[in-house]
Structure formats: structure tokens, C-alpha cells
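Please read the structure below before turning to the comments.
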Amino acid sequence: VSIVMNPEGTQAIVGSPHLPSGSSPGVGGHVYFYERSWADPKVWTVTQALSDPLASVHAAGAFGYFLSVDKEFLVLAVSSNQNNVLNAPIVPIGTTPSADKPAVVFLSIDQAGAQLDVNTVQQQILPDLITTHWLDPLYGAQVALAFEDEGRSTLRAILTSPMNQQAFYYTLQAS
């Protein structure tokens, strides 16, 4: 489970991946958006439950294994497909089918509606590694996000690949 909270402490996002159990792979997972009650600050209400938007591509996704947000709490990065690589043998990523690679999904956070908007930011980034790099189960565990402009139309993202001892820089355009 991963948890991120907005700076005011009034909204929280919780990743709840379905992890492997015994010989059964974890399938999918959810990300839950919570809002704190103003009347009773001890009460948190789920305002949205989001399933893996890549579930049709990644059958064993562990969606929500890692979460990251930008400092303004406007964009959420969610790891997807970690299950396929958590227990996988160490293999070069170039020999791995795209459906078996980990991915990161980027979602816009709607402040007014206290929900995630799956249509406003690029949906996925697969590891863009050369064939000599290794399939990394921690790809996307660390994501740094920052907007380039005040209009918030260009997002910069740095994703890490600890196993490959590299960071990857991406530019995303909000739609």
C-alpha cells in the first residue's frame, strides 16, 4: 500500500495493489481518493475508486504499488504492472514483451471535485531502456514531478531505475 496526502492534510490517495498470494498472481489493484470531513476531522470518505486503466494490457498489474505526487498535488504518478516483475527472473528488458514491463500511469488531480481525472495527462510510460538494461521491479518507485510553466501545460518527470542505476527524464503534455 502506498499513501500520499495533499499539503493541507484534507485529501489522501491510497494505492491498494492486488499482490501475489501463494501461487496466484496479483491481478490489478485500485487507487482510492479520500477526503477528510470538515465537520469531524477523524472521518475520511472515499470520493473515488479507480481501477487500473491498463488492466487490458497488464493482466497482473499490482496497480498502485508506488505513488508519487507533485508539490502542488495536481498530478499523480501510479506504478502499474509491478507484479509481473517482482518475482521475475533477472532478464534484459529488451527480451521482455511490452505487456510484461512495468509502467507508470499519470493522472490529473481535480482539486474541486476531489477525484482523479484519467483523461487529462499522458496515460503510461513504459521503461524506455536500451536492450542491455535489466527489467527493474522498482522502476517508477521514485518519481519527481514539476511543471515547467505557470499554465501547467508541460510536466517534467524523472523516473528512477535503481537496478540499472539510472534516472530517466520525460516531458508530458497535459491535454
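A few remarks follow.
- Test: S37 is modelled with pLDDT of 85 or more and more than 26 Å from W134 (Cβ to Cβ): yes
- Elements of the type strands (runs of 3 or more DSSP E) sitting completely within region 77-175 and holding at least 2 residues that are at pLDDT 75 or above and surrounded by fewer than 19 Cβ atoms within 10 Å (Cβ to Cβ): these cover 143-147, 154-161, 166-173.
- Search result, residues across region 1-30 that are at pLDDT below 70, outside any strand (DSSP E or B) and closer than 20 Å to S79 by Cβ: L19, P20, P25, G26, V27
The values are calculated or read from the model by the stated rules, or taken from the named source; none is laboratory data. Because the structure is a prediction, the values reported are computed rather than measured. All Cβ positions, even for glycine, are placed from backbone atoms using ideal geometry, and neighbour counts span all protein chains on display.
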